[in-house]
Structures are given as C-alpha cells and as structure tokens.
1. Is there a residue in segment 92-107 that is crowded, with 23+ Cβ neighbours inside 10 Å, touching a Ser or Thr at 6+ places or on another chain (Cβ under 9 Å) and not aromatic (Phe, Trp, Tyr)?
2. Give segment 42-65 a look and list any residue that's on the phi < 0 side of the Ramachandran plot and either loosely packed, with under 15 Cβ neighbours inside 10 Å or among the charged types (D, E, K, R) (or both), or say none.
3. Quick one: would you say Ala159 is modelled with pLDDT under 95 and crowded, with 20+ Cβ neighbours inside 10 Å?
4. Got at least one residue in segment 104-115 being farther than 26 Å from Leu44 by Cα and either free of Cβ contacts under 8 Å to residues at least 40 places away in the same chain or small (Gly, Ala, Ser) (or both)?
5. What's the number of the only condition in (1) at pLDDT below 95; (2) closer than 27 Å to Ala49 by Cα that Ala115 fails to meet?
6. Suppose the filter is on the phi > 0 side of the Ramachandran plot and in a loop (DSSP other than H, G, I, E, B); does Lys11 pass it?
7. Would you point out which residue out of Lys158, Lys173, Lys211 is under 17 Å from the mean Cα position of the chain (by Cα) and over 21 Å from Val106 (Cβ atoms)?
Amino acid sequence: MRKKLVAGNWKMHGSLAENAALLAALKPALAGIDAVVCVPFPYLAQAQAELAGSSIAWGAQNVSEQAKGAFTGEVSTSMLLDFGCKYVIVGHSERRSLYGETDQLVASKYVAAQAAGLTPILCVGESLEERESGVTEAVVARQLDAVIAAAGVNSLSKAVVAYEPVWAIGTGKTASPEQAQAVHAFIRGKISALDAGVAEQLVIQYGGSVKAANAAELMAQPDIDGGLIGGASLIASEFVAICRAAAK
C-alpha cells in the first residue's frame, strides 16, 4: 500500500503568534499521521522548535538551485537543512506563473534538493486556458519530462508529485474527483511506462482547493495519495480533517 502524505503550504501567511497557536492545535490532533507543513522562510526556526519530536515534518516553499554565492535573496539547500527541513516544494504554480520559473529551472531545483537529501514536492499542472484547449496531459507530461531528463525516473522514488489544476485554485471552478483522478492516473501511467516499480510507490498529491468538505471523496480515488493544501492548512480543524481523510 502506498504511503499517503498531506502537506500544508502556508504561502505568504502567518505570524509568530498565529503559527504558535496553529501548530499547538495540530500536534496532538495529527499524532501518527504523515503530515508536513511548508512555512515561509522566516518561520522555519519556529517550526523546528515547535515540531521537533512530533510526527509532523516541516519544509520550505522554495529553494535555490545554487549551492552558495552572490545570489541576494535566495535560500540554499544547506540553509534549509540547518533548520531541520525534510521537504521542499519546487515548481509551485505561483512560482511558475508569477516569477517565470521554467521547467528547466524547476528541474534544477529538484536536482539540488535531492542532492542535499531533501524530498522535493514537485508541482505540475495546467492553466484554465490549457485545460480548455485539451492539452492538460501534454502540459503535465512536459513538466515531468524536464525532471526525468535531469534526474532520471528513479529519482521519483525519493520525491513526491503534486498535481495542481491551476484553473481550480481561486477561480470559483472546481475539479471533480473524477477529473483529478484522471490526471493522477495519467501521471502514474506515464511513470509506469518507464519504471512500474517507481510508479506503483510514487506518492501523487492533489492540490486543487481541497477542503474538509471534499477531502474524503478526493482521497478515496485510487491514484490520489494525499494533498498539497493551501488556505485550508491555515485552519486547524480543516487541515486535521483533510489529513484524517487521507489516513483512512
């Protein structure tokens, strides 16, 4: 049976006081459940202090592909390791769309993360225009191919893939469980054509506006192995309900 993992992406939210209250509520409620919180860089020290010894892992929302040097404002893998990070998100749709991160740059970040011993959460997904143009699979395949070309298919055995239908995030449109499952199945099938063993064990998260109300139906789909949760991860009761739905 594949592992199920739920990651909370806090985006650019939080404060020391808000974070402390949220983490205090999550720790007892998620005992024994595979969950991760990916917090803004300034709060990594707080996450490390609050979550050490708990079952909740922590990670970052981005990382530089560079090891060190004159890259003002960037954060390296070694810096993330200093704060006990286990995971890092790479290629989030907002990084791709707002900051122009290309498939090749995302692949470089993925390689750097794995080389440092971090587990990358690789985000893939299509925009509304791409969905309506019928090129969802081509877009997702292209994003995956860049990583496979850079790191090999076996690298996915030490990674997580998160499918984000960008058109279903903050647009008022919702992907049905069947639509989500179809893309997850495509991803697993594509990887299976290269290495069936890697595909069978690959954790593929869903990241399209998951809430407590729809989590159970989404997590029941055969190829959905958890979620990459945005706004709902900032509400303890919502995030706990989603994690418990994935754990069933």
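The values are calculated or read from the model by the stated rules, or taken from the named source; none is laboratory data. A quick note: this is a predicted structure, and the numbers were derived from the prediction, not measured. When we count neighbours, we look across all protein chains shown, and the Cβ atoms used for this are built from the backbone with ideal geometry, even at glycine.
1. No - not one qualifying residue is present in segment 92-107.
2. Pro42, Ala45, Ala49, Glu50, Ala52, Ser55, Glu65
3. Working: modelled with pLDDT under 95: no; crowded, with 20+ Cβ neighbours inside 10 Å: yes.
When the stated conditions are applied, Ala159 does not pass them.
4. no
5. (1)
6. yes
7. On the way: Lys158 fails: over 21 Å from Val106 (Cβ atoms); Lys173 fails: under 17 Å from the mean Cα position of the chain (by Cα).
After ruling out the rest, the residue left standing is Lys211.
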